[in-house]
Amino acid sequence: MNYNTLRTISNVTTLLQSHWDRLPQEIQCYVMSLATWQHILDRRNNELLNQLHRKILEYAELKRRWGLGHIEIRTKKCQLSVCESMYGPNPKHTKIHGHYVNIHNEKKKVYLGFGLQHALRNVEDKKSFLFTADV
């Protein structure tokens, strides 16, 4: 029984070549640029996922440290010309408030900071101030 395959019919030079080597140079360059850009996109997406994960963990830590009520995060547009010159048109600022109920059963809110890191640094001071001010 005799099997005539591509390897037995073709000469030795094509035997040593892969399918990649048989592609024209332009297509090889195009495929390599696609692979490079896909790697860059994957790395960028992974970085965004890491930032999102970090922010979720920071929010959870802030919520745990506050412990008195819910946390309100607001983003609002700033109208100051200084902010517009630094951050471009329609800059946005974040404000974080912690809500609580005081000893008179009144709903109150206290400003914790302008970002998660700032709020995490201030939360203990704000809580101690609340407990000393309400007594």
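Values quoted throughout were computed directly from the atomic coordinates according to the rules given, and no laboratory measurement underlies them. The structure displayed is predicted, hence computed values, not measured ones. Reconstructed Cβ throughout: ideal geometry from the backbone, glycine too, with neighbour counts over all protein chains shown.
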(message) Just to be sure I understand the filter: pairs with C-beta atoms under 6 Å, separated by 6 or more residues or on different chains, first member in region 114-129 and over 19 Å from Q51 (Cβ atoms), second member part of a helix (DSSP H, G or I). Which pairs pass?
(response) V123/R65; V123/W66
(request) May I ask you to say which residue of E84, E72, E47, E58 is within 21 Å of the chain's Cα centre (by Cα) and farther than 28 Å from D125 by Cα? (result) E47
